[in-house]
Amino acid sequence: LRRALDNGEFHLVYQPQVDLRSGRILHAEALVRWHNPQLGEMRPDRFIDLAETTGDIIRIGNWVLQEACAQMRRWREQGLPIQRIAVNVSYRQFTGDNLGDSVRRALAEADLPGHALELELTERVLVDDTPDTLEVFDQLRLLGVQLSIDDFGEGYSALNYLRRLPIHALKLSQSFLKGVPGKPSDVAICQAVAGIAQSLGLGMVAEGVESEAQRDFLLRLGVNVGQGFLFAPGLLPGEFAKRVAAQQDVA
Ligand code: C2E
Ligand code: MG
Ligand code: MG
């Protein structure tokens, strides 16, 4: 893991975030992949925790930020109307590094405005709101990047940070959507999360949309943006571009 970055073993795939009504691609979420000659292709679940423990996540996370912004720049130069790229950020990047500086640099190198980038944070970032964390939030707010809470409801969910911090959207965890529409307790949690987002004026993105029944359920709840295998898994940049270009031809 320590040498993987220098050896160029990471790459990013991009999962479309779509308008649930039309299926039209709006945004992309960058997801890291590690391909090691001995170990093969690995999903982040197998190495992110370790990288957080060792601290390697800071360098890896910076690379992800730079690469995602550079990819967004290339798509823009191809004239593709992708509004925003979302990048997952570990809590360690918040506490261990000057995240504000890294984000500013990545945007500047790719010549992107702040609103072209979204950072997906975990609830863990929000729980320990030390003065340092608040300072990072302030810098990110000034840069104009969008902030969302990934897997909302899986962690601590202290609701009071939602009104204090510059959060724009909640991501409904796929662990709750899994039981929709059959399992009443999952349905209730999805309704509650959508209610929190709507009352606080936050956006909402559903993840793990796998079936038409889930899509219909979300639309009835007023959730209009989602991602999941019903539409596409993480795609290589060329495939992502092809799909966005194809929807332009239709329009
Ligand atoms: P996440 O950010 O919640 O990403 C969603 C995960 O669900 C992705 O797995 C995605 O491939 C998967 N997924 C998407 N649609 C569906 C679906 O319809 N059904 C199912 N069952 N799964 C779906 P992936 O790529 O393995 O990523 C897992 C987690 O690893 C991510 O969860 C995120 O927390 C973390 N991660 C990924 N990339 C990065 C990164 O660059 N930095 C950091 N810090 N964490 C990352
Ligand atoms: Mg995410
Ligand atoms: Mg998730």
Revision key, fill the gap. For the range 75-92, Karplus-derived ³J(HN,Hα) couplings (6.51, -1.76, 1.60; θ = phi - 60°; whole Hz; x for glycine and proline) come out as 5, 4, 5, 7, x, 7, x, 9, 6, 7, 10, 9, 10, 7, 10, 7, 4, 5
Review point. How do Ser90, Ser175 rank when sorted from fewest to most other Cβ atoms within 10 Å of their own Cβ?
Key: Ser175, Ser90
Point to revise | Residue-by-residue Karplus 3J(HN,Hα) for the range 230-246, coefficients 6.51, -1.76, 1.60, Hz, glycine and proline x | key: 4, 9, 5, x, x, 10, 5, x, x, 5, 4, 4, 4, 5, 5, 4, 5
Practice item. Enumerate the aspartates and glutamates that Lys178 could reach by cross-link, defined here as Cα to Cα under 15 Å, with residues fewer than 8 away along the same chain left out. Key: Asp151, Glu154, Asp186, Glu207, Glu210, Glu212, Asp216
Point to revise | Extension gain from Glu9 to Leu159, taking 0.36 nm per residue of separation minus the Cα-Cα distance | key: 50.1 nm
Review point. Which whole-Hz couplings ³J(HN,Hα) result when phi for each residue of the range 177-185 is put into the Karplus expression 6.51 cos²θ - 1.76 cosθ + 1.60, θ = phi - 60°, listed in order with x for Gly and Pro?
Key: 5, 3, x, 8, x, x, 9, x, 5
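Tell me, what does the Kirkwood hydrodynamic radius of the chain come to in angstroms if you use every pair of distinct C-alpha atoms? Before the final figure, lay out each step's value.
Numbers: mean 1/r = 0.0534 Å⁻¹.
One decimal place: 18.7 Å for the Kirkwood radius.
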Exercise for review: Report the one residue of Leu99, Ala110, Leu219 whose Cα lies farthest in the direction of the positive end of the charge dipole of the chain (charges on C-beta: Lys and Arg +1, Asp and Glu -1; origin at the Cα centre).
Suggested key: Leu219
Review point. Whose amide H sits under 5 Å from the amide H of Phe47, counting only residues 5 or more places off or on another chain, with H placed in the peptide plane?
Key: none
Practice item. Using just the helices of the chain, give the 222 nm mean residue ellipticity in deg cm²/dmol: DSSP H runs with n ≥ 4 each add -39,500 (n - 2.57), and the total is spread over all residues, rounded to 500. Key: -13000 deg cm²/dmol
Check your understanding: Amide H neighbours of Ala206 under 5 Å, counting only residues 5+ apart in sequence or on other chains, H built in-plane at 1.01 Å?
Key -> Leu172, Val225, Gly226, Gln227
Study note, to complete from the structure: Residues whose built amide H sits under 5 Å from the amide H of Arg84, excluding neighbours closer than 5 in sequence, are Ala28
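Throughout, read-outs are computed from the coordinates displayed, never taken from laboratory work. What you see is a predicted model; the values in this text were computed from it and never measured. Please note: Cβ atoms are built from the backbone with ideal geometry, for glycine as well, and neighbour counts cover all protein chains shown.
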